[in-house]
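Each remark here refers to the structure printed beneath this line.
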Amino acid sequence: MIKEQLAEVISDALKIAKTNGTLALETLPEVVLEMPKSRAHGDWATGVALGLARTLGMPPRDVAATIVGLLPIGGDSLIAKADIAGPGFINLTLRSDWLADILRRIEAQGAAFGQSHTGAGQSIVIEFVSTNPNGPITVAGGRNAAIGDTMASLLTATGYRVSREYYINDALNSVQMNNFGKSVFFRYRELLGHSGQEWDEMYRGEYVADVAREVLEKDGTAYENADIDDPQTTHIFRELSEAGMIAQQKTDLEAFGVVFDTWFSESSLHSDGRVKAAIDEVTRRGFTYEKDGALWLKATEFGDDKDRVLMRADGTPTYIAGDLAYHKDKFDRGFDRAINVWGADHAGYISRTKAGIAALGYDPNRLYVLLYQLVNIVKDGEVVMSSKRKGNILELKADLIEEIGKDAARFFFLMRSPHSTLDIDINLAKKTEKDNPVYYVQYAYARIAQAIQKARDEKNAAVPLAADANLSLLTEETEATLIKKLSELPDEIALSAAEYAPQRLVQYARDLAAVFHSFYDAGNRSPALRVVCDDPETLKARLVLVSATQTVLRNTLTLLGLSAPERM
RNA sequence: GGGGACGUAGCUCAGUGGAUUAGAGCGUCUCCCUGCGAAGGAGAAGGCCGUUGGUUCGAAUCCAAUCGUCCCCUCCA
């Protein structure tokens, strides 16, 4: 991109200054370029001279003057003008056709515009959501899903080979799961006309009945007269309920636009010996010991607060033991890195997981845990405490997606930094449906589609190839601002991915939409500024411009998992 | 007590160590539709960026301390 080209040109100048001794440089600094907000400061600016001034012991403006003196300016060079401003900034004004280059590049790259290759050759498994199989995906789980799914897309766009994975916690302790199965059993009996039964630990949500209905549809009345306290029946219903619940979770997530490559079963790690193998491996490496009848991991040797039990005194493995086997398995499957998306309530588990990975002989830095802060559900002005057992949870699908739509819901989760606690006022979300900022962005897209349609209908003009349009006619300030904004997509994607910050890309989408709306609305004040204007050559140039904008908007919306509607 | 996250406009929040002017949405106040769909645009008001120090030519941003809010510190998963 242009930014890299400019950085290289400036680096070349610095190299010359270093070789001929004009600047006493030991190493070449990184040249950071940015687009100034004000056009008075040129197209691009760098503060590299300010950073060098100190080490060189020279006034920053003198350093800047030296660099500027060595830059190729005018003629064939990309740089038309270089000014020194303020304390020592170098402001660059580029050759007038640099903006047209951006449009040509977008046209050539199409759906690939914005992608980069920093992650080429590296593979990542990103594990997210991973809700227990005794309840549906909640509204809170939606935040996890939105963040994980978008991060996976962002990493893919930066060249990584990415696999989306869901860890099924199907080795849940039997008391919880048996209770769940039992709850389903009684709902099943109710569906067959028998009287229900209530007890304290019963699961009460609507979804319990949904699972029961699935069992009925699948196996009919086979269990009508079964005795739930018989171990055989308990086991059967535990399995049936689990499978039904997981199927429901899968449906919920698909409605949210999230599709996993792998649904990984925790219990499979136990049943085929991988958990035992992981424990043996850690023991072989000398990082376990026995105390009080249990087997402990020497987690403190790897920076954890305390040692952790791997095998209980009763001989059963702990959750951590399974987790170690799971992470070992990820690396053994060939993934270079693992990313886990966890809620803030699991922050304390990071150090023990990394300790376990290190004890197994892997570099713990291959795991990155993306923590997001909690979601508070606010209803009638108060934070709702939810409980799966009591059945007062808010479900992602029923309470959010079906109320405000998939796009609005995803946008809402993604627009905030994962580090900020997120309050969702469920009443407000419903009421302000039309105010959701996602429509602002989508409307920009729809407006373009309509303008292109209008050009076809009224002027019999299709979007031409950039090569067939005179792009130098795009001289309006609003046009230049729009093109510059389009050129920022690759950087925005790279930054959002590198910083695990999907909200950056959301911000970009909103900025781009704002710049476009401003450009477009100028046409409402003056017909000559319309896309569909009277001058045929200007019309062609503007069609290239809005078509490029459409490409960039579509690429951005796609990465965020949002639809790009032609009309709204 | 230890670890983590966060304190930015009335509210909800963005903000990569740089330039007279710290941004957006909502809310408040003005303007702009016989239209390229106003789900939009132009503008106004509203900020000692929690506080105090430090580093720097330069700090909302980096460092330290401090105050406040939230989360976590099971042989639960």
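The values are calculated or read from the model by the stated rules, or taken from the named source; none is laboratory data. Computed from a predicted model, the values in this text were never measured in an experiment. All Cβ positions, even for glycine, are placed from backbone atoms using ideal geometry, and neighbour counts span all protein chains on display. The area values use the complete protein model at the heavy-atom level, side chains included, leaving out ligands, DNA and RNA. Shrake-Rupley method; radii C 1.70, N 1.55, O 1.52, S 1.80 Å.
Among the residues of this structure, A:S116 does not count as one that is closer than 22 Å to A:K485 by Cβ, hydroxyl-bearing (S, T, Y) and either open to solvent by 60 Å² or more (accessible area, probe 1.4 Å) or within 14 Å of RNA strand B (Cβ to nearest atom) (or both). For the stretch A:81-112, the set of residues classified as open to solvent by 30 Å² or more (accessible area, probe 1.4 Å), touching a Lys or Arg at 6+ places or on another chain (Cβ under 8 Å) and away from RNA strand B (no atom under 16 Å from the Cβ) consists of A:A111 only.
For the stretch A:252-265, enumerate the residues that are under 19 Å from A:S163 (Cα atoms) and in contact (Cβ under 8 Å) with a residue 60 or more places away in the chain.
Taking the stretch A:252-265 and keeping what is under 19 Å from A:S163 (Cα atoms), we get A:253-254, A:256-265.
Selection gives A:L253, A:F256, A:G257, A:V258, A:V259, A:F260, A:D261, A:T262, A:W263, A:F264, A:S265.
Could you list all residues from the stretch A:11-25 that are within 44 Å of the chain's Cα centre (by Cα) and surrounded by 13 or more Cβ atoms within 10 Å (Cβ to Cβ)? Before the answer, list the steps.
Step one: of the stretch A:11-25, the residues within 44 Å of the chain's Cα centre (by Cα) are A:11-18, A:23-25.
Residues satisfying the conditions are A:S11, A:D12, A:A13, A:L14, A:K15, A:I16, A:A17, A:K18, A:L23, A:L25.
Which ones in the stretch A:324-345 are part of a helix (DSSP H, G or I) and modelled with pLDDT of 95 or more?
Within the stretch A:324-345, A:L324, A:A325, A:Y326, A:H327, A:K328, A:D329, A:K330, A:F331, A:D332 qualify.
A:R61 meets the conditions (1) assigned to a helix (DSSP H, G or I); (2) within 12 Å of RNA strand B (Cβ to nearest atom); (3) under 30 Å from A:I493 (Cβ atoms); (4) at pLDDT 80 or above in every case but one. The failed one is (3).
Out of A:G348, A:G315, report the one residue that is assigned to a helix (DSSP H, G or I), within 11 Å of RNA strand B (Cβ to nearest atom), small (G, A, S) and open to solvent by 10 Å² or more (accessible area, probe 1.4 Å). Steps first, answer last, please.
Working: A:G315 fails: assigned to a helix (DSSP H, G or I).
Within the list A:G348, A:G315, the selection yields A:G348.
Given the structure, is A:E492 open to solvent by 60 Å² or more (accessible area, probe 1.4 Å), on the phi < 0 side of the Ramachandran plot and not β-branched (V, I, T)? No, not satisfied.
Checking the condition open to solvent by 80 Å² or more (accessible area, probe 1.4 Å) and either away from RNA strand B (no atom under 15 Å from the Cβ) or among the polar types (S, T, N, Q) (or both), which residue from A:K454, A:K390, A:K397 passes? Explain how you work it out, then say what you get.
Numbers: A:K454 fails: either away from RNA strand B (no atom under 15 Å from the Cβ) or among the polar types (S, T, N, Q) (or both); A:K397 fails: open to solvent by 80 Å² or more (accessible area, probe 1.4 Å).
After applying the criteria, what remains is A:K390.
With respect to being within 16 Å of RNA strand B (Cβ to nearest atom) and more than 26 Å from the chain's Cα centre (by Cα), A:N169 falls outside the description.
Residue under question is A:L172, and the condition is that it be in a loop (DSSP other than H, G, I, E, B), in contact (Cβ under 8 Å) with a residue 12 or more places away in the chain and surrounded by 14 or more Cβ atoms within 10 Å (Cβ to Cβ); does it hold? So that I can check it myself, show each step before the final result.
Details: in a loop (DSSP other than H, G, I, E, B): yes; in contact (Cβ under 8 Å) with a residue 12 or more places away in the chain: yes; surrounded by 14 or more Cβ atoms within 10 Å (Cβ to Cβ): yes.
Yes; evaluated as a whole, the condition is true for this residue.
Within the set of pairs 6 or more residues apart or between chains, which connect a residue that is on the phi > 0 side of the Ramachandran plot inside the stretch A:352-368 to a residue that is open to solvent by 10 Å² or more (accessible area, probe 1.4 Å) and of a type in the set (K, R) with Cβ atoms less than 8 Å apart? If the second residue must be open to solvent by 10 Å² or more (accessible area, probe 1.4 Å) and of a type in the set (K, R), the pairs left are A:G361/A:R285.
Exactly one residue out of A:E242, A:E281, A:E290, A:E301 is open to solvent by 70 Å² or more (accessible area, probe 1.4 Å) and part of a helix (DSSP H, G or I): that is A:E301.
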